[in-house]
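**Student:** I am attaching a structure below and will ask some questions about it afterwards.
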Amino acid sequence: MHAEIELLEGDRLRVRDLDSDNGIVLIRQGREFPIKQEVVLLNDTLRFGEVALAVRDVIEILKNAVQPAAAAHAVTPAPVAGAKGFVRCGCGMVKVRGDPCPTCGE
């Protein structure tokens, strides 16, 4: 596992590097910062090795993944820890690996 990602209130994420080989780079306002643990904002971008993901896309994926579970069980779900990882769908949207794309359904 590369990182732990927790969805916070106010469209923020807490990201923690799990001693990955390539680390995590936070890109904020065009500047790059290697991070070990950080609260990141909606307009930030995260780079995991060679893969860059907009925080906005990651938040959308996590909200879509968490809301159905919360409605079905009427409990607050545990933080999502990036168990499956993310991939970019053919339509351009970032999705949870192995799950259908929330935009195109593939």
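**Student:** Being in a strand (DSSP E or B) and either within 11 Å of the chain's Cα centre (by Cα) or at pLDDT 95 or above (or both) is the filter here, so list the residues in the stretch 48-74 that pass it.
**Tutor:** Phe48, Ala52, Leu53, Ala54
**Student:** Can you tell me which residue is surrounded by the fewest Cβ atoms within 10 Å (Cβ to Cβ) among those in the stretch 1-37 that are charged (D, E, K, R), within 13 Å of the chain's Cα centre (by Cα) and part of a strand (DSSP E or B)?
**Tutor:** Arg14
**Student:** Next question. Quick check on the stretch 27-52: of everything there that is of a type outside the set (S, T, N, Q) and touching a helix residue (DSSP H, G or I) at 6+ places or on another chain (Cβ under 9 Å), which residue is nearest to Ala65 (Cα to Cα)?
**Tutor:** Leu42
The values are calculated or read from the model by the stated rules, or taken from the named source; none is laboratory data. Since the structure is predicted, the reported quantities are computational estimates derived from the model, not experimental observations. We place every Cβ from the backbone using ideal geometry, glycine too, and count neighbours over all the protein chains shown.
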